[in-house]
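Take a look at the structure below.
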Amino acid sequence: MEQYEKIYLYKRIVQSKLFIDRHFANNIDLNNIADEACFSKFHFIRLFKSIYGRSPHNYLVSVRIDNAKKLLTEGVSVLDASMRVGFDSVTSFAATFKKMAGKTPSAYRSQAIIKKHAIIANPLSAVPNCFAQTHGWIK
Amino acid sequence: MITKLSHLCIYVLNQDSAHDFYVNKLGFSVHTDAPMGEGARWLTVTPPEQPELEITLFLVAEGGMFDKETVATMTSLIKKGTFGAAVFTCNDLMATYQELIAKGVVFKKPPTKEFYGYEALFVDDSGNWFSLAQLNS
C-alpha cells in the first residue's frame, strides 16, 4: 500500500493530532500545529485532511467541544467550560456548541446533571436486568 | 426481528485500569459510571462515532454467577489472551496504529493487508485482543 511507504509523514501528522489533543485549551493556531509537524501550512492542512477527513482547525474545534461536554456533565458552568477549553468568548462557544451538539450548552448541562442524579438515586436504572442478575445486584 | 446491538460485554480484570485504557488510549467516552455498592461498579463506554453502543467493562470478580473458581479460570484465560472480543474499524489504519503505539498500546500484529482491507491486532490492559481494521470501501 502506497501510504505505508510514508510512515514518517504519518508519524508527524499523528504527532500534530496528539499536539491538538494535549494543547486544545491553549491559544494555538494552525501555524503552531504546522510548526509542530514540521510542514508548511498548506501541505500540513492537505495531509491532515486526507488522514482525518477534516481540517486541523475543525478538528481542534471538535476536541474543544468534546471536552466542554465532559466539563458540563461534571457540573462546570457554561462560562467556565468555554474558557477552560480555549474559547475567547462565551457567545462564540455557545453558538459553536449548539451547531455541533444540537442543543445549547446550558440545555446539555441540565440534561446531563438530571441523568447523573437519576443514576445516583437509582443505579440499577442504568443496568439491564440480565447484567444486574449476573453480578448478583438483584435477587 | 433483531434490529441492532445496544450492549457488548468485555470482561476486564481491573476497572480503573480499563477506564484509563478505553478512555485515554482508545479515545472512547464514558456512557455510565455508576457505583453499585460494596465496591462494585457499572462502567460502560462508547466508541467515538457509535454513542448508542454501550461497551460494558465487566469486572471479573466474585459475586452473582461468578464463584471463586470461575473468577480464577476467567482471570487466567483473559491474561493468557484467549479472548478476541471485537472488531473495531477506523478510516485510516496507519494513522490510528501510529497514534495508539504513541500512547503505549501493545499490538500483536502490525497493519497487514487482508482480502477485506487492512488489519492490525491490539491487546487491552487485561489481555483481551481486538482486531482494528480499515475495510475496503
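Nothing in this text is a laboratory measurement; each read-out follows from the coordinates by a stated rule. Keep in mind that this is a model prediction, so the values were computed, not measured. Ideal geometry is used to build each Cβ from the backbone, glycine not excepted, and the neighbour counts take in all protein chains shown.
Below, the figures for the structure above:
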read-out	value
Fewest-first ranking of B:Cys90, A:Cys38, B:Cys9, using other Cβ atoms within 10 Å as the exposure measure	A:Cys38, B:Cys9, B:Cys90
Proximal charge balance of B:Phe130 [Cβ under 13 Å; K/R count +1, D/E count -1]	0
Cβ-based exposure ranking for A:Val76, A:Val61, in which fewest neighbours within 10 Å come first	A:Val76, A:Val61
Positive-pole candidate from B:Thr89, B:Val71, B:Leu8, dipole of chain B, charges at beta carbon	B:Thr89
The stretch A:64-139 pair-distance distribution - Cα-Cα, 5 Å bins, rounded %	3, 16, 22, 17, 10, 9, 9, 7, 4, 2, 0
Dimensions in Å of the stretch A:1-53 - Rg and Dmax from alpha carbons	11.1, 37
Solvent-free Debye scattering, log10 I(q)/I(0), computed from the Cα coordinates of the stretch B:7-135 at q = 0.14, 0.18, 0.19, 0.21 Å⁻¹	-0.64, -1.01, -1.10, -1.29
Chain A: relative contact order in percent, alpha carbon pairs under 8 Å with at least 6 residues between	17 percent
Mean residue ellipticity (222 nm) of chain B, computed from DSSP H runs ≥ 4 via -39,500 (n - 2.57), nearest 500	-5500 deg cm²/dmol
Shielding score for B:94-104, defined as the mean number of other chain Cβ atoms within 10 Å	5
Counting all C-alpha pairs of the protein assembly as shown, share separated by more than 23 Å (%)	61 percent
For the protein assembly as shown, size of Cβ-based charge dipole, Lys and Arg +1, Asp and Glu -1, in debye	560 debye
Student exercise, chain A dipole from Lys, Arg, Asp, Glu Cβ charges, in Debye to nearest 20	380 debye
Fraction in percent of alpha-carbon pairs per bin - 10 Å, chain A	11, 30, 23, 19, 13, 3, 0
Mean-position separation - Cα centroids, the stretch A:1-62 and the stretch B:78-137, in angstrom	22 Å
Table column - 3J(HN,Hα) (Hz), the stretch B:114-131, Karplus curve with 6.51, -1.76, 1.60, x for Gly and Pro	10, 5, 9, x, 10, 9, 10, 10, 10, 10, 7, 5, 8, x, 5, 10, 9, 8
Rounded Å value of the spacing that divides the Cα centres of the stretch B:56-77 and the stretch A:78-139	31 Å
Dipole in debye (nearest 20) - the stretch A:14-54, about Cα centre, beta carbon charges: Lys, Arg +1; Asp, Glu -1	220 debye
Sparse-neighbour loop sites [chymotrypsin sites (Phe, Trp or Tyr not before Pro); the stretch B:40-137; at most 12 other C-beta within 10 Å; DSSP]	B:Phe115, B:Tyr116
Amide H contacts under 5 Å for B:Arg41, placed H, 5+ residues apart	B:Met36
Shielding by partners, peptide B:41-50 (average Cβ within 10 angstrom, other chains)	2
